[in-house]
């Protein structure tokens, strides 16, 4: 049996802490570079300098009942809720008008709708649009507007009334889309925000089209 | 001949630490990817915290944070720079948890409901959750991150430390072979 003498080495505590801090700093630097590169490469990446919320970055808190009812699909008249009244006041300040489901349905049945004098704009993302939208509505995701401008701007310019909607309730993408359209030159007098959105529309058993625009796949077609 | 008995306490600690690292890594990989693949949804959720009022910093946080979390998750799963990553995550988790708590308090006050009945999508990558559950989850994640700083569980790590601390020499000891 052979005895061998070696010197062991151990790091002292401050050195270990310093090492961890330096390692954390390295993780932050490399991780940040990775994150920005991933956002740049991703087809869904955000444009850092774009203002995605032209209607304002602040978002109001939910309010007590009956506003809390707007979280679920049972709401039948969004405009009658506190949220609806707050939204109506906010839109009025921006020169826009809030409409209820009855008015939206009237415009949908108006002969001018067939002549594209009344157009509906769906301000949700592509997936939700495909799952079901108001028949004939144009897809217009306000967070990817450049993709839709070519199709949407000419019809909005030519139309007498433009009805913008999103999911309804707490969703404010319709407001964002309406402000965006207003800011690029669509007259605000003809922009109408349907606050109840697709949730109120479907709750009232009004027709819904799935797939692309004018796909012909309708639910509740008789209404 | 020197026969060594296995140190079961140490083995258990190492096993627990490796599991904690994998759980933490998997959680951050999942939540990071779920936000990174839907950055607009995350941006809208981030807006509710009213942290910043101009577009650039808000967009930068929404664009980078999910991928940064994904990166940290990958590092932990692979066992690279474990303690530096754990410290970074802990320093992120603490302020996030405070923000979520404050938001929940504001919602509770606005809706006049019990605190644990507050349910909202905090932008944490797990959808709409009850606040008490979310706070408990975050508390556990903070604990796991803090535990990883101890240096246990170096097994199954590609490179546990990227930066080796300076060593100082201690007294020689005899090793019998």
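Residues are listed down the side, and each one gets a yes or a no for (1) outside the structural domain of residue A:79 (by TED's automatic domain parsing); (2) farther than 15 Å from residue A:98 by Cα; (3) more than 15 Å from the chain's Cα centre (by Cα); (4) at pLDDT 90 or above:
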position	(1), (2), (3), (4)
A:157	no, yes, yes, yes
A:161	no, no, yes, yes
A:165	no, no, no, yes
A:169	no, no, no, no
A:180	no, yes, no, yes
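Residues that are more than 14 Å from chain A (Cβ to nearest Cβ) and without any contact (Cβ under 8 Å) to a residue 60 or more places away in the chain were ranked within the stretch B:100-126; the one that is nearest to residue B:48 (Cα to Cα) is B:100. The set of residues in the stretch B:26-36 that are surrounded by 17 or more Cβ atoms within 10 Å (Cβ to Cβ) and either within 8 Å of another protein chain (Cβ to nearest Cβ) or under 14 Å from residue A:42 (Cβ atoms) (or both) comprises B:32, B:34, B:35, B:36. Do we find that residue B:95 is under 13 Å from the mean Cα position of the chain (by Cα), part of a helix (DSSP H, G or I), at pLDDT 90 or above and more than 14 Å from every other protein chain (Cβ to nearest Cβ) in this structure? Considered against the rule, which asks whether it is under 13 Å from the mean Cα position of the chain (by Cα), part of a helix (DSSP H, G or I), at pLDDT 90 or above and more than 14 Å from every other protein chain (Cβ to nearest Cβ), residue B:95 comes out as yes.
Scanning the stretch B:76-92 for residues that are over 9 Å from the mean Cα position of the chain (by Cα), crowded, with 19+ Cβ neighbours inside 10 Å, more than 7 Å from chain A (Cβ to nearest Cβ) and in a helix (DSSP H, G or I) gives B:76, B:82. For the stretch B:60-68, indicate whether the set of residues that are more than 14 Å from every other protein chain (Cβ to nearest Cβ) and over 26 Å from residue A:19 (Cβ atoms) is non-empty. No: zero hits. Checking the stretch A:92-103 against the condition returns a match, with at least one residue being within 30 Å of residue B:63 (Cβ to Cβ) and part of a loop (DSSP other than H, G, I, E, B). Filtering B:57, B:39, B:6 for residues that are more than 13 Å from chain A (Cβ to nearest Cβ) and free of Cβ contacts under 8 Å to residues at least 40 places away in the same chain leaves a single hit, B:6.
Let's see how each residue does on (1) at pLDDT 90 or above; (2) closer than 20 Å to residue B:32 by Cα:
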| position | (1), (2) |
| --- | --- |
| B:118 | yes, no |
| B:135 | yes, yes |
| B:139 | yes, yes |
| B:143 | yes, yes |
| B:151 | no, no |
| B:163 | no, no |
| B:168 | no, no |
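Specify which of the listed residues (A:187, A:104) is surrounded by fewer than 22 Cβ atoms within 10 Å (Cβ to Cβ) and over 15 Å from the mean Cα position of the chain (by Cα). Within the list A:187, A:104, the selection yields A:187. From the set of residues in the stretch A:76-101 that are out of contact with any helix residue (DSSP H, G or I) (no Cβ under 6 Å at 6 or more places or on another chain) and without any contact (Cβ under 8 Å) to a residue 60 or more places away in the chain, which is surrounded by the most Cβ atoms within 10 Å (Cβ to Cβ)? That would be A:85.
The values are calculated or read from the model by the stated rules, or taken from the named source; none is laboratory data. Predicted, not measured: the structure shown is a model, and the values here were computed from it. Note: ideal-geometry Cβ built from the backbone for every residue, glycine included; neighbour counts use all protein chains shown.
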